[in-house]
Amino acid sequence: MMSIIAQFILIISINAQVTKMPAYPLVTHDPYFSIWSFSDKLNQSTTRHWTGADNKLIGIIKVDNILYNFIGEPTYPSKIIVAPGEGNPINVSYTEEEPGPGWTEKQYNDKSWKSDKMPFGSGWDNNASTKWVTKNIWVRRLFNIDDLNIEKLILQLRHDDDVEVYINGLPAYNCKDCYVSSIKEYSLSDEIKKSLKKTDNVMAIHCSNPRGNSWIDAGLANQTSINNIIAASQTGVSVTATQTNYTFKCGPANLHLNFLSPLIASDLDLLSRPVTYIDFFIESNDKKEHQTEIIFGVSENIAKHQTIEE
């Protein structure tokens, strides 16, 4: 069985050198621990777990004091301004019956709704604050913001399944036929950011769960910019049964990047070893000497079961 699996992976890998792939393996071990690139260019998106949850790697090379990023989309530090309930449950109003028109608006009267703590859910880790087993739930959360000096407004959201989110009556995010198993972040519009006041804001959420596990939790964060970083130009990528190789042009320097996970099915000791080797090789492309430095970072979330600690 193991040799058949290894041959199948090799066939896919050889094919991947001439066709686009839905995801590129970077760190692959057991299903619980893996890191993939979901874009054709390694610096075009955040690296993720196979489920889609963020497992962020960041790679930056400094060439003659100019910064080029080559792994992951440059992520900006985000500061929570309205915390999700995970790890610190929050009081909200909710109903499991169709609320009728106007339920997303600030002036809507929700006094007939129930009151309990978010997150709502069932299944998963069985650690929801309030059990939710019906098909639909509507949630209203009133919140205040101390500082309205927000550069980039971010929605922090975990949902199972379909979801629609409104901020002060404005559509913020919606997704059908999808779910996420951990908190993910989504950029919100300037219109929504301008609608925020220091007091009496409302987040309105409708989540539908036609089958299986259920979950809903949400919050807001402020994201600040990182300046003076140039995207390295990816010039090649190849995938084999145990390795993924990238090449980049970073101004006057070329960077070769290799991810090696020695998953040899015929060697059980090697197969069970949770080690991936990452090698960097830099060469000049103009035959001149240049000062270079590699900056490589790994998100702490890779070692967490949950994005937000209890």
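Just so it is clear, none of the values below were taken in a lab; they were calculated from the coordinates. Remember, it's a predicted structure, so these values are computed and weren't measured experimentally. Heads up, the Cβs are rebuilt from the backbone with ideal geometry, glycines too, and the neighbour counts pull from every protein chain shown.
For the reader, a short list of remarks on this structure follows.
- Proximity of backbone amide H atoms, modeled 1.01 Å from N, is registered between T46 and E73 at under 5 Å, excluding neighbours fewer than 5 places apart on the same chain.
- Region 57-65 - phi-based ³J(HN,Hα) in whole Hz, Karplus 6.51/-1.76/1.60, Gly and Pro as x: 10, 9, x, 9, 10, 9, 10, 6, 6
- Remark: the chain carries a charge dipole of roughly 360 debye about the Cα centre, counting +1 on each Lys and Arg Cβ and -1 on each Asp and Glu Cβ.
- Once you reduce region 160-181 and region 119-153 to the center of their Cα atoms, the two points are 11 Å from each other.
- The H on the amide N of I90, modeled in the peptide plane, is under 5 Å from the matching H of M118, each at least 5 residues off or on a different chain.
- Surface/4 estimate of mean projected area, convex hull on alpha-carbon atoms of region 92-155, nm²: 6.2
- Under 19 Å from the Cα of K20 - aspartates and glutamates, other chains or at least 8 residues apart: D40
- Of the labelled figures (1) 160; (2) 151; (3) 253, only one reflects volume of the Cα convex hull per residue in Å³ as derived from the coordinates, namely (1).
- Annotation for region 147-228: trypsin sites (Lys or Arg not before Pro) lying in DSSP loop with at most 13 further Cβ atoms inside 10 Å of their Cβ are K176, K197, K198, R211.
- log₁₀ of I(q)/I(0) at q = 0.13, 0.15 Å⁻¹ - region 78-223, Debye sum with one point per alpha carbon: -0.51, -0.69
- Under the Karplus curve 6.51 cos²θ - 1.76 cosθ + 1.60, θ = phi - 60°, whole-Hz ³J(HN,Hα) for region 170-177, x wherever Gly or Pro sits: 9, x, 10, 6, 8, 8, 10, 6
- Cα-based helix-to-principal-axis angle, 2-16 vs the chain, degrees rounded to 10: 90
- Sequence ranges 57-63, 47-53, 294-300, 213-219, ranked by mean other-Cβ count within 10 angstrom, highest first: 213-219, 57-63, 47-53, 294-300
- Nearby lysines by direct alpha-carbon distance to K194 (threshold 19 angstrom, same-chain neighbours under 8 apart not counted): K79, K106, K152
- Only lysines eight or more places from K176 in sequence, or on another chain, were considered; those with a Cα closer than 17 Å are K135, K184.
- Rounded to the nearest whole Hz, the Karplus-based 3J(HN,Hα) values (6.51 cos²θ - 1.76 cosθ + 1.60, θ = phi - 60°) of region 181-197 follow the sequence 9, 8, 4, 10, 10, 9, 6, 10, 6, 5, 4, 5, 4, 5, 6, 6, 10, with x at glycine and proline.
- Charge-dipole axis of the chain as Lys and Arg at +1 and Asp and Glu at -1 on Cβ define it, positive-most pick from I216, T292, I145: I145
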